[in-house]
Amino acid sequence: MAKDQSLRTKSLAKIFAHNHPIHIKMKVSIEWRIVMNLKKLEAFIMVVEKNSFSEAAAALKSSQPSVSLKIKSLEDELGFELLDRGAAGIRTTPAGMLVYTAAKEVANRWRTLEDELGEFEGTLTGTLTIGASTIPGTYLLPQWVKHFRSLFPKVDVKIEIGDSKKILDRLQNHQIDAGIIGMKVDSKLIRSKTIASDTLVLVAHENHPLVHATMPDFTEILQYDFVLREEGSGTRKMMERYLIENGLSLDELKIAVSIGSTESVIAAVEAGLGVSFISKLAALPAAKAGRIAIIDTFEPFEREFYLVAHADAESRPIIKQFTEIVEGSGMGKS
């Protein structure tokens, strides 16, 4: 069986690699079956990328038996074993790698086709799911989406808010179409574009000693309790970098509490639980309302927000149009 499959795989690779006489006919046949089995392909792609049936099922919001049945059906239809389910884990067979590569291309082509059909009718249609970390998701994204929706009212836009790491994970799992996060991604599979900038500022209760200090030394912050964002937050990562640039570390701070949202951090600072470094975009409205004070005697630390999307999805009209709106807004840029 393994020897026969190896010979068939080599033949299949030769057909796809050269302008073989039956190449076009076979390609049309395979792609037609692929279009008819997009759900099976989606399951196969996810199993390969997650290297786990259970994790693939969770990412697809399906059950493990359902995913297994889809893979088995796909193997039966194509006539090849696509996965080697050994003791060492799941590995793609040579035929499986060919199918995985083709499946990724066709899945992306199908999404692009749906977008282009909408353009052919004069407008975009479909669903655009955007994930965003707390700061850009709260203070920048709503205005971008408003502009996008004014141009493409037939597109259903869904927004998910989470920390930068969670949003990136969801993008990598193909659960969202694009993300706006506070951390740059170093990956050939994910494209990052700088779209806005912000600064981290130190905030405190209006009666805090640092508010009234004329020229405090940066190391004086070590005397006071701190309220921090949770681990994985882009704001927290930027704060760690800021501390390092000033000769300090996170471990040296007196951490009173870690909280999962910027608004909760502001409320904690307002209540006198401690000081914190937060986004200036978030701090300004709270300071204007008299809830907190911004300590501007320290040099602010600039950071950037990034639009991230899969490299093979950048050309999709729905993502391309949204990217153009975001890049052309100039919002949040210094």
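Throughout, read-outs are computed from the coordinates displayed, never taken from laboratory work. Everything numeric in this text was worked out from a predicted model, so none of it was measured. FYI the Cβ positions are ideal-geometry reconstructions off the backbone, even for glycines, and counts take in every protein chain you see.
Here the Karplus curve 6.51 cos²θ - 1.76 cosθ + 1.60, taken at θ = phi - 60°, turns the phi angles of the range 233-245 into couplings of 6, x, 4, 5, 4, 5, 5, 4, 5, 4, 4, 4, 5 Hz, with x standing for Gly and Pro. Normalising by residue count, the range 66-196 has a Cα convex hull of 160 Å³ per residue.
Can you find, among Val48, Ala88, Leu69, the residue sitting farthest towards the positive end of the charge dipole of the range 32-95, where Lys and Arg contribute +1 and Asp and Glu -1 at Cβ? It is Leu69. In this Cβ point-charge picture (+1 for Lys and Arg, -1 for Asp and Glu), the range 171-266 has a dipole of about 540 debye about its Cα centre.
Based on the Kirkwood radius over alpha-carbon pairs, what is the Stokes-Einstein translational diffusion coefficient of the range 198-301 at 37 °C with 0.692 mPa s viscosity, in µm²/s? Display every interim value, and only then the final one.
On the way: Rh = 13.4 Å.
The calculation lands on 245 µm²/s.
On full extension, the segment bounded by Lys320 and Ala267 gains 15.3 nm, given 0.36 nm per residue less the C-alpha separation. Check Ile190: other-chain or 5+ apart residues with amide H under 5 Å from its amide H, H built from backbone geometry? Long-range HN contacts for Ile190: Ala311. Our coupling estimate for the range 187-195, obtained by passing each phi through the Karplus curve with A = 6.51, B = -1.76, C = 1.60 and θ = phi - 60°, is 7, 6, 8, 10, 9, 10, 10, 6, 10 Hz, Gly and Pro reported as x.
With 31 Å as the limit on Cα-Cα distance, the pairs of Lys72/Lys154; Lys70/Lys166; Lys40/Lys320; Lys70/Lys188; Lys39/Lys158 that go past it are Lys72/Lys154.
Under a 5 Å amide H cut-off, with hydrogens placed 1.01 Å from N, Asp225 pairs with Val275 among residues at least 5 apart or on other chains.
So what is the diffusion coefficient of the range 172-247 in µm² per second by Stokes-Einstein at 20 °C and 1.002 mPa s, using a Kirkwood Rh over Cα pairs? Mind showing how you got there, number by number?
Values: Rh = 15.6 Å.
The Stokes-Einstein estimate is 137 µm²/s.
Sequentially through the range 101-113, phi angles give Karplus couplings (6.51, -1.76, 1.60; θ = phi - 60°) of 4, 5, 5, 4, 5, 5, 4, 5, 5, 5, 5, 5, 4 Hz, Gly and Pro residues having no value and appearing as x. A straight Cα-to-Cα reach below 20 Å connects Lys146 with the aspartates and glutamates Asp115, Glu119, Asp156, Glu160, Asp177, Glu324, Glu327, residues fewer than 8 places away in its own chain not being considered.
So which of Lys61/Lys193; Lys165/Lys193; Lys61/Lys165; Lys61/Lys280; Lys104/Lys165 end up more than 26 Å apart by C-alpha?
Working: Lys61/Lys193 30 Å; Lys165/Lys193 17 Å; Lys61/Lys165 20 Å; Lys61/Lys280 37 Å; Lys104/Lys165 24 Å.
In this structure, Lys61/Lys193; Lys61/Lys280 lie more than 26 Å apart at Cα.
Amide H contacts under 5 Å for Phe301: Leu200, restricted to partners 5 or more places along the chain or on a different chain, H placed in the peptide plane at 1.01 Å from N.
Distance between the pseudo-spin-label points of Leu250 and Ile159 (7 Å out from Cα toward the beta carbon): 2.7 nm.
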